[in-house]
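Each remark here refers to the structure printed beneath this line.
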Amino acid sequence: EHRPDAFIETKAGRNIRSIVPQKLRRDRPTVLYIRVANPEQDVVISAGGLRRKLRQVTPGETVRLTVAPEHCSEELQLTVTVEKSEA
């Protein structure tokens, strides 16, 4: 039996075309498979408290991101975004 709050939904933010899976468990690490909508260079991909710098992202490649329970806040959604890197 799973409590409804044992799961958190993923939500596509800026420049994200798709995320698999669409729900993840709060109590264990989950690998997200992410595709971007548009090519960009020097970006930071973020999901909750997790941030990872990437030199380049393209719609044809799948970005793998492992999200651990400590990256998930108490919110019901985990928004994944791609932003331009400040550096």
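The values are calculated or read from the model by the stated rules, or taken from the named source; none is laboratory data. Quick caveat: nothing in here was measured; it's all calculated off a predicted structure. Cβ: placed from backbone, ideal geometry, glycine included. Neighbour counts: every protein chain shown.
Filter region 1-27 for residues that are closer than 16 Å to residue 64 by Cα and either charged (D, E, K, R) or touching a Cys at 6+ places or on another chain (Cβ under 7 Å) (or both) and give the result.
Listed by number, the residues that qualify are 11, 17, 23.
Looking at (1) surrounded by 12 or more Cβ atoms within 10 Å (Cβ to Cβ); (2) within 26 Å of residue 6 (Cα to Cα), can you tell me which one residue 75 breaks?
It is condition (1) that residue 75 fails.
Enumerate the pairs (first residue in region 20-40 and farther than 15 Å from residue 79 by Cβ; second residue anywhere and of a type in the set (Gly, Ala, Ser)) with beta-carbon separation below 8 Å, excluding pairs fewer than 6 apart on the same chain, so at least 6 apart or on different chains.
These pairs meet every condition: 25/6; 26/6; 27/6; 29/68; 35/18.
Exactly one condition in (1) at pLDDT 95 or above; (2) closer than 16 Å to residue 84 by Cα; (3) under 10 Å from the mean Cα position of the chain (by Cα) is false for residue 56; which is it?
With respect to (1) at pLDDT 95 or above; (2) closer than 16 Å to residue 84 by Cα; (3) under 10 Å from the mean Cα position of the chain (by Cα), residue 56 is out only on (3).
Condition test on residue 19, is it modelled with pLDDT of 95 or more and either surrounded by 14 or more Cβ atoms within 10 Å (Cβ to Cβ) or charged (D, E, K, R) (or both)?
yes
Of these, 13, 48, 60, which one is loosely packed, with under 15 Cβ neighbours inside 10 Å and of a type outside the set (Val, Ile, Thr)?
Just one listed residue meets the conditions, 60.
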